[in-house]
Amino acid sequence: MRTFYKFHGGVHPPEHKEESNRLPIAPAPLAKRLTVPLRQHIGNPAIPVVKVGDQVLKGQMIGAADGFISAAVHAPTSGTVSAIEPHAVPHPSGLPDLCITIEADGEERWIERAPLDYRNADPDAVRLRLRDAGVVGLGGAVFPSYVKLNPGAPAGIKTLVLNGAECEPWITSDDRLMRERAAEVVEGIKIMAHLMCPKEVLIGIEDNKPEAAAAMRAACQGTGYEVVVVPTLYPSGGEKQLIKLLTGKEVPAGQRPVNIGVTCSNTGTACTVHRAVNHGEPVISRIVTVTGNVPEPRNFEALIGTPIAEIIQLAGGARPDTTHYILGGPMMGFGLNNLNAPLAKAVNCVIAASPALFPPPPPPMPCIRCGRCAQACPCELQPQELFWFSHSQNFDKARAYNLFDCIECGACSYVCPSHIPLVSYYRFAKSEIAMRDMEKKLAEQAKERFELKQQRIEREKQEKAARFAEKAAAAAKAAAAASGVEDPEAAAKKAAIQAAVERAKAKKAEAAAALLPLPLRERAGERGENLDAPSPSPPSRTHPHPNLPLEGEGTIALSPSRGELERGFEGEGVKNNTEAS
Amino acid sequence: MSAPHVLTPDRSVSTIMLMVLGALVPAICAYYYFFGPAILISLALSSVTAIAAEAAMLRLRKYPLKFFLFDGSALLTAWLLALSIPPMAPWWLIVVGTAFAIIVAKHLYGGLGNNLFNPAMVGFAVLMISFPAFMTQWPAPLMLSQHPVGFIEALQYYFSGTLSGVKLDAVTMATPLDTLKTQLQLQHAVSDVKQMPIFGAFGGKGSEIIAAMYLLGGLFLWQKRIITWHIPVSFLATLILIAAVFYGIDGSRYASPMFHLFTGGAMLGAFFIATDYVTSPTTPRGKLIFGAGVGLLEYLIRVFGGYPDGIAFSVLIMNAAVPLIDAYTQPRVFGHNTKAE
């Protein structure tokens, strides 16, 4: 039996796994209308490659990956594209996002599915397959897998970690998946291992899922992959926590696991890798737990795009005293404010919440510095200090006390005897800091623009003066010539041409002065040159969102925000990494 | 609705405070057993004063009484103060001390969670400086008293300042720490002094049992994870260590470590006063430094200072250092300063 290494802190909220993990995964019936969001992953949203009115086949790519950090999306069934427009999506902001709506024809006609012999294929071809099959991390962070499954580190990958911890209460989708489809998961791991060439493959599963661990052990026979049962302690499924548990190594702050030769993927992701490569099936469905205040909680395999309301109905529908719905787990999940939102790749659980199951929090009391949060923090932060600084808007201090190492797991809020919504304070401080950083950057750019403008004005002044002098000289010359031999008309024409050339030159210089990239210039246009103008206040920045254009340089490297795993991939970092490799 | 959507069901500010109050009960029982019912009057007076002062301040500061009045924090301050001062005193002594603790030390500093100094110890210090005569008027253990004071008599003394038929001197006595200090000044050896009837096996007769009950209550709090081991252990270890050094140098002039542990406010201070969340450091290393500082000052004030016991002043001095201690003892954060591969 392999030993594991402890991480600091952690909490043990009531598990509530029993409710939904008894029954096998049930297939969800085909919905009449499926709405597929184009942004179901970290990075750029997919670009639609179909038009309204197009007939599509099941599995047909309807949105293509855009740029490096992106993934494709596919038609979950055959039918007709009826709309490409903003629609409610499962996102904490509650804002609509661009989706492709498909009216199902009920025939479920597949595209041609071609398996890929990954052992004899170019690894890049396998990765492209994953990109075009829309394979993303299903643990919650939905990072494009093809980017991750690239042994970019100079030292190579030593350990491939499979995350089957599923540490959030209530959720059992990975549990059931590992129990029922262990062989498929292992096939997926083989592909990942083929791409990464790790020295060891470790599969971490919490000890509250003995059946899943047993099934995975059986499926791993003869592969050399090792199933490691770790104690049930939230957030053992956090990427960095699981890596610490299994390898004893800490991912350095601000870095990614690959920097210490580790890659971590969710077991559910492994299954989709297998389907994509060995069966040619893109990610068009996922397993989702429906639990909480419903009569028949269980797991369903539903097509991406199925309205969440319909999925809740499959579990018998929410009981009348249901007050709200939580997407994801109770520790890190968010409230769903529109039941018309479709199932997306990131949605692993829908919890119907009632006051009995999720009592509203009592009013917060002042912090009494009991330090229970510090004892619970898996990042070994001092949450009470961060709270103090966030509360008093002392953001520099908050940053200095490593606010950005916070993974927002919620352990501190969970144990707080004063019931302070600590994580909300951290999110607030993080977004404030990000906004200030951006404002500072914009102010610097505005200053630069202003200086260039000053230079241009100065230059134009001089040029104008020069032109006048020239003109005067020409006139004088012409006057002199009029009395002499030269044609006065020709001299005037020459002067006019000269003036036009000067004007063109000035225009060119002006264009060169406006060096800034387009979006920033647009923004600068909104703001004018006035540095005091209030900056547009963006909504929550902890989640990438379509309506919040994180324009090129404005991308904010926030600390990872949600998802049980596959965190730590910040767009720019990855970009730099691959550019270097 | 923001995550997390679940909260620990079994811990709130008031349950924590109630558990601490509960942990004091064995010591209060022992107090009652050895020193008579006066302590109950003292506790009742301080409790009523604390609640009244708390309610008045909350109203003035426009805080909802509903959530704050019975959070238990004011009651805890009241009890700690009542247990720290002599239980035979005019009624206004404990009332003034408690009111000062709640109004000035707690609310004028921002109320629950914001006070820099331990309110109970501020109350104690005010009384110690303003009314020193009353603060040394400790009742004798019942077994040594010619005239055990009953409940009615104690009540009578509290409100009239006189005892019928007996002089106050007949029922009060210098504390063991005080006795030792005076006797040592008269050039008696520790071993001779400790033959006096007031001394028990380790500390004072009766009071050593109360100290043991504080220890018991403290272990309960530790077991329930209300407090961590850091402050009590570093406090008591420092006290033992420094007492052992002086005891080793001259056993006839300095009392043994055990004596120091079981007299005065050492146990109460180590488990209930120095561990006050609001006024002690939050980092593990900070707690160790804080506890050690209190232990060291406690010994120095006790043995070399002008007061019989030093718990209040040592705690208050260290309270002032807490922000600094916290700032300099921040623990390593996950993923920082990791060893390079």
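Some notes on this structure:
- Average Cα contact separation per residue, the range B:11-173, under 8 Å, 6 or more apart, as relative contact order %: 27 percent
- Between the range A:61-126 and the range A:251-285, the alpha-carbon centres lie 18 Å apart.
- Here's how it looks for A:CYS264: its modeled amide H is under 5 Å from those of A:VAL161, which are all 5 or more places away or on a different chain.
- Candidates B:PHE290, B:PHE100, B:PHE246, ranked by Gaussian network fluctuation over chain B, Cα under 10 Å, top entry: B:PHE246
- Positive-end extreme of charge dipole, chain B - chosen from B:ALA292, B:GLN137, B:GLN183 (charges on Cβ): B:ALA292
- Backbone phi angles across the range A:81-93, fed through the Karplus curve with coefficients 6.51, -1.76 and 1.60 (θ = phi - 60°), yield HN-Hα couplings of 6, 9, 7, 10, 7, x, 8, 4, 10, x, 9, x, 6 Hz in residue order; Gly and Pro are listed as x.
- Out-of-range pairs (alpha-carbon distance over 21 Å; input A:LYS58/A:LYS190; A:LYS6/A:LYS148; A:LYS17/B:LYS224; A:LYS464/A:LYS505; A:LYS477/A:LYS505): A:LYS58/A:LYS190; A:LYS6/A:LYS148; A:LYS17/B:LYS224; A:LYS477/A:LYS505
- Given +1 at the Cβ of Lys and Arg, -1 at the Cβ of Asp and Glu and no other charges, the dipole of the range B:11-173 around its Cα centre is 520 debye to the nearest 20.
- In the range B:11-173, the inverse of the mean reciprocal separation of distinct Cα atoms equals 16.3 Å; this is its Kirkwood hydrodynamic radius.
- In angstrom, the C-alpha Rg and Dmax of chain A are 29.2, 110.
- Other residues with beta-carbon under 14 Å from the beta-carbon of A:GLU226 carry, at +1 per Lys or Arg and -1 per Asp or Glu, a net charge of +3.
- All lysines inside 29 Å of A:LYS51 as judged from Cα atoms, apart from same-chain residues fewer than 8 positions distant: A:LYS32, A:LYS345
- Think of each Lys and Arg Cβ as +1 and each Asp and Glu Cβ as -1; about the Cα centre, that makes the dipole of the protein assembly as shown roughly 1100 debye.
- In order along the range A:71-76, the Karplus-derived 3J(HN,Hα) couplings, from 6.51 cos²θ - 1.76 cosθ + 1.60 at θ = phi - 60°, round to 8, 7, 10, 10, 6, x Hz, and Gly and Pro are given as x.
- Relative contact order of chain B, pairs being alpha-carbon contacts under 8 Å that are 6 or more residues apart, as %: 18 percent
- From phi via Karplus (6.51, -1.76, 1.60), per-residue ³J(HN,Hα) for the range A:449-466 in Hz, x at Gly/Pro: 4, 4, 5, 4, 5, 4, 4, 5, 4, 4, 5, 4, 4, 4, 5, 4, 4, 5
- Amide H partners (placed H, <5 Å) of A:HIS324, local residues excluded: A:ALA353
- Nonlocal amide H pairs with A:LYS58, under 5 Å, H built at 1.01 Å: A:SER78, A:ARG109, A:TRP110, A:ILE111
- Cross-link reach is defined here as a Cα-Cα straight distance under 21 Å, omitting same-chain residues fewer than 8 places apart; for B:LYS181 the lysines meeting it are B:LYS194, B:LYS205.
- Summing charges over all other residues whose Cβ lies under 9 Å from the Cβ of A:CYS416, with Lys and Arg as +1 and Asp and Glu as -1, gives +2.
Coordinate-derived values only; no laboratory data. Quick caveat, the model's predicted, so the values are computed rather than measured. A quick note on method: Cβ atoms are made from the backbone with ideal geometry, for glycine too, and the neighbour counts reach across all protein chains shown.
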